[in-house]
Amino acid sequence: MPMLEVKDLDVFYGQLQALFKINLKVNEGQVVSVLGANGAGKSTLLKTICGIERAQSGIVRFREKRIDELQPNEIVDMGLSLVPEGRQIFSNMSVRENLMIGSYTSRARKRSRENLETALQLFRPLKARIDQKGIDLSGGEQQMLAIGRALMSQPRLLIFDEISLGLSPLVVKELYKAVKEINEDGMTVVLVEQDVRRSLRVASFAYILQEGRVTLKGTPASLTEETVKKAYFGL
Amino acid sequence: MTEYLEPLINGILLGGLYGVVGIGLSMVFGIMRQVNLAHGEFMILSCYFSLVALHLLGLHPLLTLVFVPPFMFFIGYLIQISLFNRVMQKGMEPFLMISFGLSIILQNALLLIFTPDARSLKTALAIKSVNVFGYLHIPLIHIVNFTVGILVLLFLHQFMKRTYLGWAITAAAENETTAKLMGINAKKVYACTMGIAAVTAAISGILVGMTFTFYPHSGTQYLIIAFGVVIIGGLGSLPGTFIGGLILGVSQLFGGRILGPGFQLLSGYMILLIVLTVRPQGILGGR
């Protein structure tokens, strides 16, 4: 059984259909990329998986349980965590408070101290700025904080929404290194990205979305530049 | 000079009480972006709970601070869960209407049960005063009010900074969707916020009941004070609410001393108008 399974998912915003019969599987230990241009439906897919949006039809299963009717807090408690697009740091809270709020669920609270140490070990620049407000961090540091915060919830599956958005190539390289480390430690990862090349370099399987539909899927080795371009842009 | 020292000190002490009067209203606005028009009734309801406990158990009014505020927490929590949470996503108007309705219901229920007679939580503290420098007489109850007020604000500050619920409240206030992604149940957090606001209303209500007389319809009077405090200090800011309380208290007593007792309220709200003109978001309020 896959760790995460999305089956025939249809999502509407009012009369407008955003996702059409999406099917997706993520196996334990994998890094799966979901690629697509702006407006392809990536964020809608993530919001639906995380319980922020509701699907009109279809099924989302996580660790063999249906989660498409659950509230976001219940889904987080089951071990599915999202690093949201644009970081969404709590700007009025300190770095420490931002990290600690990541361990809000009763499951994560028990190991909050150890997880805080692990997060600060992974993202050393945060250690020196632990008492500063989230808003005072650079874009890269904020992304580190967002990832650290998600790790604090002790996830089994971690989803990154546009991890490289608006960041310098050097910072993005560091973040991808961290993603790789996180995966090597046993975490299952879903990367939702526009940066096709970099994303395919770390992924073991990829889905390409276009206008709310999966237009291509396969292992990175099986995807040629031509087929990806066609699926991505519809050229 | 000495004639102004007394209103200054008494104004500061009164301001500490005003700070606690306003804090619940400020929290509900800062966190939920809603205005609870029943805040004053929560205070007066607590006065009557305390009064009943006083008569049944013969306790000192200050001792009722031990169990009336926790009881008010559950009332606030239940009201938020059963009424306000249903309209949280529908803008400010439904919340205003429900809280207005609730304030009328509470006022009339109190009127029915306790009659319109003036009551007070009788205590010897209200008639004792402390002599400072040999010529200043500071009512002991004002010192008690100020001390409790400061303790409440310090406790709330530490609570917001050091506990999971405090962090969850801050997070939900800033970004509800992201807060949900942290595993936070926003509806429960809002219920706890209303519960805490009711606790502060209960504490300020009991202090008010020990200091002044109250009637079933006194809530409106304290709601207006709470509005004044949070508008001066800045909606949603804990330290701002305290500063707002001090400014309102001092300006009321100074106005009373300089212009006459009839000008107490007017001078307080003149300061409010000046703050609104110069700094519409309040002294410590964000834009």
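The values are calculated or read from the model by the stated rules, or taken from the named source; none is laboratory data. Since the structure is predicted, the reported quantities are computational estimates derived from the model, not experimental observations. Here the Cβ is made from the backbone with ideal geometry for all residues, glycine too, and neighbour counts use every protein chain on show. Surface areas here come from the heavy atoms of the whole protein model, side chains and all, with no ligands, DNA or RNA. Shrake-Rupley method; radii C 1.70, N 1.55, O 1.52, S 1.80 Å.
Computed values, structure above
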quantity	calculated
Wholly enclosed helices (runs of 4 or more DSSP H) of the range B:121-239 bearing at least 1 residues away from chain A (no Cβ under 14 Å)	B:140-162, B:186-211, B:219-233
Residue match in the range B:178-185 (condition: surrounded by fewer than 21 Cβ atoms within 10 Å (Cβ to Cβ) and in contact (Cβ under 8 Å) with a residue 60 or more places away in the chain)	no
Total residues in the range B:59-87, condition open to solvent by 20 Å² or more (accessible area, probe 1.4 Å), in contact (Cβ under 8 Å) with a residue 24 or more places away in the chain and within 15 Å of B:LEU37 (Cα to Cα)	1
Residues that are open to solvent by 90 Å² or more (accessible area, probe 1.4 Å) and not hydrophobic (A, V, I, L, M, F, W, C), drawn from the range B:251-278	B:ARG257, B:PRO261, B:THR277
Number of positions in the range B:17-40 that are of a type outside the set (A, V, I, L, M, F, W, C), open to solvent by less than 10 Å² (accessible area, probe 1.4 Å), under 20 Å from B:LYS187 (Cβ atoms) and not in a loop (DSSP other than H, G, I, E, B)	1
Number of the exception - B:MET43 against (1) outside any helix (DSSP H, G or I); (2) within 28 Å of B:SER251 (Cβ to Cβ)	(1)
Hits in the range B:257-287 - residues which are under 22 Å from the mean Cα position of the chain (by Cα) and over 18 Å from B:ILE243 (Cβ atoms)	B:GLN264, B:LEU265, B:LEU266
Residue list for the range A:104-127, restricted to those being within 14 Å of chain B (Cβ to nearest Cβ) and among the hydroxyl-bearing types (Ser, Thr, Tyr)	A:TYR104, A:THR105, A:SER106, A:SER112
Test for A:ILE22: is it without any contact (Cβ under 8 Å) to a residue 60 or more places away in the chain, more than 14 Å from every other protein chain (Cβ to nearest Cβ) and more than 22 Å from A:ILE147 (Cα to Cα)	no
Test for A:GLU69: is it of a type in the set (Asp, Glu), away from chain B (no Cβ under 14 Å), open to solvent by 40 Å² or more (accessible area, probe 1.4 Å) and more than 23 Å from A:ARG111 (Cβ to Cβ)	yes
Number of the condition not met by A:LYS180 [criteria: (1) within 14 Å of the chain's Cα centre (by Cα); (2) in a loop (DSSP other than H, G, I, E, B)]	(2)
Residue count for the range A:88-116, restricted to those that are part of a helix (DSSP H, G or I) and not basic (Lys, Arg)	12
Residue count, the range A:183-213 (criterion: closer than 24 Å to B:GLY183 by Cβ and not in a helix (DSSP H, G or I))	8
Checklist (1) out of contact with any Gly (no Cβ under 9 Å at 6 or more places or on another chain); (2) touching a residue at least 24 places away in the same chain (Cβ under 8 Å); (3) surrounded by fewer than 21 Cβ atoms within 10 Å (Cβ to Cβ) applied to A:GLY14, failing item	(2)
Near pairs, Cβ below 9 angstrom, 6+ apart or cross-chain, from the range A:168-179 (free of Cβ contacts under 8 Å to residues at least 60 places away in the same chain) to any residue that is charged (D, E, K, R) and not in a helix (DSSP H, G or I)	A:VAL172/A:ASP195
Among the residues listed as A:GLY29, A:GLY58, the single one being open to solvent by 10 Å² or more (accessible area, probe 1.4 Å) and either within 14 Å of chain B (Cβ to nearest Cβ) or in contact with a Ser or Thr (Cβ under 7 Å, 6 or more places away or on another chain) (or both)	A:GLY29
Selection count where residues are within 14 Å of another protein chain (Cβ to nearest Cβ), surrounded by fewer than 20 Cβ atoms within 10 Å (Cβ to Cβ) and touching a helix residue (DSSP H, G or I) at 6+ places or on another chain (Cβ under 9 Å), scope the range A:32-55	3
Answer from A:ILE75, A:ILE89 - the residue that is within 9 Å of another protein chain (Cβ to nearest Cβ), touching a residue at least 40 places away in the same chain (Cβ under 8 Å) and closer than 17 Å to B:ILE184 by Cα	A:ILE89
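Conditions tested, residue by residue: (1) more than 20 Å from A:VAL76 (Cβ to Cβ); (2) hydrophobic (A, V, I, L, M, F, W, C); (3) touching a helix residue (DSSP H, G or I) at 6+ places or on another chain (Cβ under 8 Å); (4) open to solvent by 50 Å² or more (accessible area, probe 1.4 Å).
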| site | (1), (2), (3), (4) |
| --- | --- |
| A:ARG124 | yes, no, no, yes |
| A:ALA128 | yes, yes, no, yes |
| A:GLN132 | yes, no, yes, yes |
| A:ASP136 | yes, no, no, yes |
| A:GLU141 | yes, no, yes, no |
| A:ARG149 | no, no, yes, no |
| A:ILE159 | no, yes, yes, no |
| A:VAL172 | yes, yes, yes, no |
